[in-house]
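The values are calculated or read from the model by the stated rules, or taken from the named source; none is laboratory data. On a predicted model such as this, the values are computed, not experimentally measured, just so you know. Methodologically, a virtual Cβ is constructed for each residue, glycine included, from the backbone with ideal geometry; neighbour enumeration extends over all protein chains shown. Side chains included, ligands, DNA and RNA excluded: accessible areas come from the protein's heavy atoms. Shrake-Rupley method; radii C 1.70, N 1.55, O 1.52, S 1.80 Å.
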Amino acid sequence: MVALGFLITLEIAARRYGQPGPIANQVKALIFAPKPGPLYGGMALMMTVLPWRQRFIAAGAAIGIDLAFLLARWACDAKMNDGHSFGTGALWVMLGYAVIAVTRRTGRERVVLLKGVGLGLLLVAGRKTGDTWLLITSKTRPAVLDQYVATADHALGNPSWLVGRIVKATSPISTHLLHLVYGQLAAAAVVVALYQLRNVAVERRFPSHHLVRTFLVIGLLGPGVYMLFPVVGPVFAYGPGASGTGGVHWAMANLWPDMPPPINTPHPIPYDEITPRNCMPSLHTAWAVAIFVHSRGAPRVLRFAGTFWLIATLAATLGFGYHYGVDLVAGVVFALTIEAALRSLDRGWDRPGIQLVIYGATVFAALLVSYRWLPMEMARNPGIFGPLLILAMTSVVYGYARTAKLREPTVTPARQPELQLESL
């Protein structure tokens, strides 16, 4: 009910600005071709509750429905959404299994199937909700705080400018690879989540905590910080950049990535009503950190993939000029604090868990306050504030690793009986 109320609220807010909200976009996807990735990813999560035979049937039905819609759209010469022609079938299959759960299942089987459908639809709704949030940030925050963040970023040596020049020098190989990683973050999350949920069909129950929960909570809370700290990013605030995109007409100067911005007293600057204010914190970094954390208990190939995705995502967010370095520091703290809270909610609020959540939230708040009120001091004293920022982030990382290790179950070896000499 809380999720439904939240979606209705966003729908009303989007309608005020003349745009369809997440519910309308979801209903629209039943007929018009949506982006296929989230829908088929959601269906893959739903299929974790199904036996293998039903998984093949569900996948075949989704593809068959999409082919039928494709032929109908082709016959009617219907306009495709950015060239997308698949995805509707996956949504119809998920809704179909919701009907089956209500009408043909009872007891535990009904609950498990409804949870699977809900998990798949939540992944899709999360994407639609994020799009609506971005629209709201651009409409309700006419001024952005990029000058504050860019000034504070001098404490870290302006990493976006450094990585941006590296990506520009190694283009097009680096740009193609990083674009793939950056755009397919949700697909990587689905792969890790499928591994975590691999036993649901057999055990008929979900694990108490998994990656999808963290992903959704990060996406739910992150845009709220966007509203408090609106930032558009270096490529938009400081020029078109190497990719040829960005806020050319609204940029303060065409500096990125060739020349770092000068150290001047920052102030809010007006920006357009189109570009999302989605930089502080870096949610791509937060999601990549969540994938890295949840892949630690997986096989070696997934652990390597989680590490690669984290490193490549950090490189992409900086190299494409989408984020400042201080955004990434805040994103790491944000992700680990949420992960710690969810794990404490699952395993019980013990003292180490409570302390870690309070400490992580305090560090995150201190970062935002320092970016807003101390940027000049940070820029003028990089030898002091740069290490302090890294130390603050590292302390949260260490606290999370230490708390997670304390909560790991310890297995004590069974005591072997002592050999007794038989009496002769």
* Consider only pairs whose beta carbons are under 6 Å apart and that are at least six residues apart or on different chains; among these, list those whose first residue lies in segment 259-286 and is in contact (Cβ under 8 Å) with a residue 60 or more places away in the chain and within 13 Å of residue 375 (Cβ to Cβ) and whose second residue is open to solvent by less than 70 Å² (accessible area, probe 1.4 Å) and not in a loop (DSSP other than H, G, I, E, B). => 261/150; 263/379; 266/147; 266/148; 266/151; 266/375; 268/143; 280/327
* Conditions (1) at pLDDT 90 or above; (2) within 30 Å of residue 271 (Cβ to Cβ); (3) surrounded by fewer than 21 Cβ atoms within 10 Å (Cβ to Cβ): number failed by residue 220 -> (1)
* Elements of type helices (runs of 4 or more DSSP H) in segment 152-232, at least 3 residues being touching a residue at least 24 places away in the same chain (Cβ under 8 Å) -> 159-169, 173-183, 185-196, 211-228
* Asked: So which of 228, 283, 255 is within 17 Å of residue 322 (Cβ to Cβ) and modelled with pLDDT of 90 or more?
  -> 283
* **Single match in 296, 277 (criterion: touching a helix residue (DSSP H, G or I) at 6+ places or on another chain (Cβ under 8 Å), part of a loop (DSSP other than H, G, I, E, B), within 30 Å of residue 190 (Cα to Cα) and open to solvent by 10 Å² or more (accessible area, probe 1.4 Å))** => 296
* To do: Would you point out the residue of segment 127-146, among those that are modelled with pLDDT of 90 or more and crowded, with 24+ Cβ neighbours inside 10 Å, that is farthest from residue 266 (Cα to Cα)?
  => 144
* Might you let me know whether segment 103-124 holds any residue that is within 28 Å of residue 366 (Cβ to Cβ) and of a type outside the set (Lys, Arg)? => no
* Asked: If residue 118 passes every condition in (1) touching a residue at least 24 places away in the same chain (Cβ under 8 Å); (2) within 28 Å of residue 221 (Cα to Cα); (3) not hydroxyl-bearing (Ser, Thr, Tyr) but one, which one does it miss?
  -> (1)
* Could you list, in sequence order, all residues of segment 133-160 that are in contact with an Asp or Glu (Cβ under 8 Å, 6 or more places away or on another chain) and of a type outside the set (Lys, Arg)? => 138, 142, 149, 159, 160
* Structure fact -> Checked 117, 149, 124 against criteria (modelled with pLDDT under 90 and either basic (Lys, Arg) or within 23 Å of the chain's Cα centre (by Cα) (or both)); the one match is 124
* To do: Please find, among 352, 417, the residue that is in contact with a Leu (Cβ under 9 Å, 6 or more places away or on another chain) and either modelled with pLDDT under 95 or open to solvent by 100 Å² or more (accessible area, probe 1.4 Å) (or both).
  => 352
* Asked: Can you find a residue in segment 90-113 that is surrounded by 14 or more Cβ atoms within 10 Å (Cβ to Cβ) and hydroxyl-bearing (Ser, Thr, Tyr)?
  -> yes
* Structure fact -> Output for Cβ contacts, cut-off 6 Å, separation at least six or different chains, first residue touching a residue at least 24 places away in the same chain (Cβ under 8 Å) and in a loop (DSSP other than H, G, I, E, B) in segment 14-43, second open to solvent by less than 10 Å² (accessible area, probe 1.4 Å) and polar (S, T, N, Q), reads 21/132
* To do: Check whether at least one residue in segment 138-145 is assigned to a helix (DSSP H, G or I), touching a Phe, Trp or Tyr at 6+ places or on another chain (Cβ under 7 Å) and not β-branched (Val, Ile, Thr), and report yes or no.
  => yes
